[in-house]
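All remarks here apply to the structure that follows.
The values are calculated or read from the model by the stated rules, or taken from the named source; none is laboratory data. None of the values given here were measured: they were computed from a predicted structure. Every residue, glycine among them, receives a Cβ derived from its backbone with ideal geometry; neighbour counts consider all protein chains shown.
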Amino acid sequence: MSNQNKEERNPLLCHWADQMAANIIREKGDLDLYTCASGITPSGTVHIGNFREIITVDLVVRALRDRGKNVRFIYSWDDYDVFRKVPANMPDPEILEKYLRYPITSVPDTTKRDANYARHHEVDIETQLPRVGIKPEFLYQSERYQAHRYVEGMKKAMQNRDLIKQCLNEYRDDAHKMKDSDVYWPTAIFCGKCHKDTTEITGYDGEYAVSYKCECGCEETVDIREFGGIKLGWRVDWPMRWNEEKVVFEPGGKDHISPGGSYDTAKLVSKKIYGWDAPVTMRYDFVQLKGVPGKMSSSKGKVISLVDALEVYQPQVLRYIFAGTRPNTEFAISFDLDVLKIYEDYDKTERVVYGVDKAKNDDFFNKEKRIYMLSQMDGKIPEVMPYQIPFRMLTTLLQIHSGDIDSVIKYLGDVKPEQEETLRQRAKCAWFWITESAPTWAPEFCFALRNDGSKADLEDKLKQAVIRIRDEIVPKMETYATDKELQQAMYDIAADAEIEAKSLFVAVYNALINKDQGPRLANFLRIIGKERVTKILSVY
């Protein structure tokens, strides 16, 4: 049996990324190197929707490598594009305004952190991707164009501009097609004098000399082997680089991959001009946002970055969200109550993988195991099962311990050294969620213990019942076998005092956390601990 057949029959290679990897190998054949590509213009914050393309490629790259293939994962920064619009979340917009129509690498970083505006946004994503186990090779198109790497590709495009014009017209309706009389140039020029793209090409000698004039009054003829201010328009640049880098896989957003869209046009240009079969592609859909905290959205101009998402989701859980959803499915990244369910789903998958929960069949087990593997930073299942604690329970513990993670770990008492790092990650996310998201989306989950000696204003009958709970029940909480028994003991006090149980519970919550409700009371008392409960209630 051939290796490929063995791979096809490996029950673990059952993910959509594995299916895509098999498709790439089938279409492109057995290659020494499979180059998979992604890229974006760093014209603003790289948001979580952009991240979907990056992780889609990463998952396919992993699937190819798991089939024993040599893979190159490139991420192109299209940082020689034009600065068209001042974003909402950068300081000193009046300075940025002066650089409109410049290449974005010539625009200053008004935060003064990085070399230029483009580099600012590149650094933001380059420093964060390793946190989610993604480590592509970054290519900078401004450097490549100015180093004259694409001279021959530009020359070929200029010489075949009429054929490219036909390719661009192929899928356009009559109203949008370029006319035979329309002059088309596949390149754009940044003026050698004012540096803006407010230029018009006036001539080409058929080889390397291009003439242009600019709105600023500059007119000159340049040699593209020496002049660094000329680049291809993106509809030609894209297929030119497929050939340059020998790309065999690159996904695209649904706006690009739709029938007759830019991918279909690029496919024609790639084959007819550059002699390269377009890469295998797949469509990915948009990512919506749900329940975004006010602080988070206002700082980014309503754009959520990878950094923002990692405030709420552990890296493994964030990868799980994308690995568990087919790319062509639209979904929402949630920051509201859905966060609890997403963590719960991840934990269920983890329990199946480690055999704590029994899978309903082998296919289900393999599917869950593969998603879990692709969710891990290194693609491997940890030898020791991570410490599982429900996300909501963790928020309760953190609030009881005023956000002190060390104190929570000490309270839990059974956390192994190998489990501590991921538990700390989860605790940081839980603390961020309970302090930033929950006040808006789940205020009933939020509380703070009365550690300052303050008192609730209780009528005498209720106060006496609370004192009885403090003196008769709290000291012997551990003697109650279940929370139900502990709860019943408090019901008995309410009945004896001839007050409604609900009123008594509200009084206890008010005495402990200055709220009318909170976590289930019996379990809440146990978690707080009898010493702390006694101290808080000692003021009565």
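Which of (1) surrounded by 18 or more Cβ atoms within 10 Å (Cβ to Cβ); (2) small (Gly, Ala, Ser); (3) out of contact with any Phe, Trp or Tyr (no Cβ under 7 Å at 6 or more places or on another chain) is the odd one out, the single condition GLY275 does not satisfy?
For GLY275, the exception is condition (1).
Can you tell me which residues in the range 103-129 are under 16 Å from GLU143 (Cα atoms) and basic (Lys, Arg)?
Scanning the range 103-129 gives a single hit, ARG119.
Against the conditions (1) modelled with pLDDT of 95 or more; (2) of a type outside the set (Ser, Thr, Tyr); (3) at negative phi; (4) not in a strand (DSSP E or B), where does LYS213 fall short? Just the number, please.
The failed condition is (4).
Those residues that are closer than 18 Å to ARG101 by Cβ and either surrounded by fewer than 14 Cβ atoms within 10 Å (Cβ to Cβ) or not β-branched (Val, Ile, Thr) (or both), I need them from the range 199-218; list them, please.
Passing the criteria: GLU200, TYR212, LYS213, CYS214, GLU215, CYS216, GLY217, CYS218.
Report the residue count in the range 49-82 for those that are within 14 Å of PHE138 (Cα to Cα) and assigned to a loop (DSSP other than H, G, I, E, B).
Residues in the range 49-82 being within 14 Å of PHE138 (Cα to Cα) and assigned to a loop (DSSP other than H, G, I, E, B): 2 in total.
For residues that are surrounded by 18 or more Cβ atoms within 10 Å (Cβ to Cβ) and over 18 Å from the mean Cα position of the chain (by Cα), scanning just the range 49-72, find the one that is nearest to LEU232 (Cα to Cα).
Here is the first cut: in the range 49-72, the residues surrounded by 18 or more Cβ atoms within 10 Å (Cβ to Cβ) are 50-64, 66-67, 69, 71.
Add one more test, that the residue is over 18 Å from the mean Cα position of the chain (by Cα), and what stays is 63-64, 66-67, 69, 71.
Details: ALA63: 33, LEU64: 31, ASP66: 36, ARG67: 36, LYS69: 32, VAL71: 27 Å.
If we take residues in the range 49-72 being surrounded by 18 or more Cβ atoms within 10 Å (Cβ to Cβ) and over 18 Å from the mean Cα position of the chain (by Cα), then VAL71 is nearest to LEU232 (Cα to Cα).
If you check LEU398, LEU412, which single one turns out to be surrounded by 20 or more Cβ atoms within 10 Å (Cβ to Cβ), closer than 22 Å to ARG520 by Cα and over 22 Å from the mean Cα position of the chain (by Cα)? Lay out the reasoning, then the answer.
Working: LEU412 fails: surrounded by 20 or more Cβ atoms within 10 Å (Cβ to Cβ).
Unique residue meeting the criteria: LEU398.
Which of the residues that make up the range 1-33 are of a type in the set (Asp, Glu) and at pLDDT 95 or above?
Within the range 1-33, the first condition is being of a type in the set (Asp, Glu), and the residues that meet it are 7-8, 18, 27, 30, 32.
Those that are of a type in the set (Asp, Glu) and at pLDDT 95 or above: ASP18, GLU27, ASP30, ASP32.
Within 23 Å of LEU397 (Cα to Cα) and among the β-branched types (Val, Ile, Thr) - does that describe any residue in the range 478-485?
Kept after step one, since they are within 23 Å of LEU397 (Cα to Cα), are these residues of the range 478-485: 478-485.
Next cut, among the β-branched types (Val, Ile, Thr) only: 479, 482.
There is at least one residue in the range 478-485 that is within 23 Å of LEU397 (Cα to Cα) and among the β-branched types (Val, Ile, Thr).
If you take the residues of the range 35-48 that are over 15 Å from the mean Cα position of the chain (by Cα) and in a loop (DSSP other than H, G, I, E, B), which of them is surrounded by the most Cβ atoms within 10 Å (Cβ to Cβ)?
That would be PRO42.
Among the residues of the range 243-258 satisfying the criterion of being in contact (Cβ under 8 Å) with a residue 60 or more places away in the chain and within 24 Å of TYR184 (Cα to Cα), which is surrounded by the most Cβ atoms within 10 Å (Cβ to Cβ)?
ASN243
Taking TYR99, is it under 30 Å from VAL57 (Cβ atoms) and either in contact (Cβ under 8 Å) with a residue 12 or more places away in the chain or crowded, with 19+ Cβ neighbours inside 10 Å (or both)? Outline the logic, then answer.
Working: under 30 Å from VAL57 (Cβ atoms): no; either in contact (Cβ under 8 Å) with a residue 12 or more places away in the chain or crowded, with 19+ Cβ neighbours inside 10 Å (or both): yes.
No; evaluated as a whole, the condition is false for this residue.
So which pairs qualify, if the first residue must be in the range 440-466 and within 18 Å of LEU398 (Cβ to Cβ) and touching a residue at least 12 places away in the same chain (Cβ under 8 Å), the second must be in a helix (DSSP H, G or I) and of a type in the set (D, E, K, R), the Cβ gap must be under 8 Å, and the two must be at least 6 apart or on different chains?
The qualifying pairs are PHE445/ARG392; LEU449/ARG532.
Results for (1) crowded, with 21+ Cβ neighbours inside 10 Å; (2) touching a Ser or Thr at 6+ places or on another chain (Cβ under 8 Å), shown as yes or no for each residue.
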{"position": "HIS15", "(1), (2)": "yes, no"}
{"position": "TYR75", "(1), (2)": "yes, yes"}
{"position": "ASP78", "(1), (2)": "yes, yes"}
{"position": "ASP81", "(1), (2)": "yes, yes"}
{"position": "ASN89", "(1), (2)": "no, yes"}
{"position": "ASP92", "(1), (2)": "no, yes"}
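Considering the range 346-372 alone, what residues qualify as being assigned to a helix (DSSP H, G or I), in contact (Cβ under 8 Å) with a residue 24 or more places away in the chain, more than 16 Å from LEU394 (Cα to Cα) and over 18 Å from the mean Cα position of the chain (by Cα)?
Residues of the range 346-372 assigned to a helix (DSSP H, G or I): 346-353, 362-372.
Still in the running and in contact (Cβ under 8 Å) with a residue 24 or more places away in the chain: 346-347, 349-351, 353, 362-363, 366-367, 369-372.
Next cut, more than 16 Å from LEU394 (Cα to Cα) only: 349-351, 353, 362-363, 366-367, 369-372.
Residues satisfying the conditions are THR349, GLU350, ARG351, VAL353, ASP362, ASP363, ASN366, LYS367, LYS369, ARG370.
Collect the residues in the range 34-65 that are at pLDDT 95 or above, over 17 Å from HIS256 (Cβ atoms) and not hydrophobic (A, V, I, L, M, F, W, C), keeping them in residue-number order.
Those that are at pLDDT 95 or above, over 17 Å from HIS256 (Cβ atoms) and not hydrophobic (A, V, I, L, M, F, W, C): TYR34, THR35, ASP58, ARG62, ARG65.
If ASP32 satisfies all but one of (1) surrounded by fewer than 17 Cβ atoms within 10 Å (Cβ to Cβ); (2) in contact (Cβ under 8 Å) with a residue 40 or more places away in the chain; (3) closer than 17 Å to LYS246 by Cα, what's the number of the condition it fails?
(2)
In the range 481-491, how many residues are surrounded by 12 or more Cβ atoms within 10 Å (Cβ to Cβ) and in contact (Cβ under 8 Å) with a residue 24 or more places away in the chain?
Start the filter on the range 481-491 by keeping residues that are surrounded by 12 or more Cβ atoms within 10 Å (Cβ to Cβ), which leaves 483, 486-491.
Next cut, in contact (Cβ under 8 Å) with a residue 24 or more places away in the chain only: 483, 486-487, 490.
So the count comes out to 4.
Condition test on PRO136, is it in contact with a strand residue (DSSP E or B) (Cβ under 8 Å, 6 or more places away or on another chain), at pLDDT 95 or above and at negative phi?
On the way: in contact with a strand residue (DSSP E or B) (Cβ under 8 Å, 6 or more places away or on another chain): yes; at pLDDT 95 or above: yes; at negative phi: yes.
For PRO136, the condition - in contact with a strand residue (DSSP E or B) (Cβ under 8 Å, 6 or more places away or on another chain), at pLDDT 95 or above and at negative phi - is met.
Going through the range 97-117 one residue at a time, which ones are more than 11 Å from PHE83 (Cβ to Cβ) and among the β-branched types (Val, Ile, Thr)? Before the answer, list the steps.
Initially, the range 97-117 is screened for residues more than 11 Å from PHE83 (Cβ to Cβ), giving 109-115.
Residues satisfying the conditions are THR110, THR111.
Restricting attention to helices (runs of 4 or more DSSP H) lying wholly within the range 469-537, give those where 3 or more residues are acidic (Asp, Glu). Before the answer, list the steps.
Numbers: elements: 483-496, 501-513, 521-528, 530-537.
By residue number, 483-496.
Please give the number of the condition VAL183 fails out of (1) farther than 24 Å from ARG84 by Cβ; (2) loosely packed, with under 13 Cβ neighbours inside 10 Å; (3) among the aliphatic types (A, V, I, L, M).
Single failed check for VAL183: (1).
Please determine, by comparing only the residues of the range 279-298 that are within 17 Å of the chain's Cα centre (by Cα) and part of a loop (DSSP other than H, G, I, E, B), which one is modelled with the highest pLDDT. Spell out how you get there, then give the answer.
Pass one, the range 279-298, residues within 17 Å of the chain's Cα centre (by Cα): 284-293, 296-297.
If we keep only those that are part of a loop (DSSP other than H, G, I, E, B) too, we end up with 285-286, 291-293.
Details: ASP285: 91, PHE286: 88, GLY291: 88, VAL292: 85, PRO293: 79.
Once the filter is applied, the top-ranked residue is ASP285.
Test of understanding: among THR198, THR202, which residue is closer than 24 Å to ALA118 by Cα, among the hydroxyl-bearing types (Ser, Thr, Tyr) and outside the structural domain of ILE74 (by TED's automatic domain parsing)?
Values: THR202 fails: closer than 24 Å to ALA118 by Cα.
That would be THR198, the only listed residue that is closer than 24 Å to ALA118 by Cα, among the hydroxyl-bearing types (Ser, Thr, Tyr) and outside the structural domain of ILE74 (by TED's automatic domain parsing).
Confirm whether ASP180 is more than 25 Å from TYR102 (Cβ to Cβ) and over 41 Å from the mean Cα position of the chain (by Cα).
Answer is yes for this residue.
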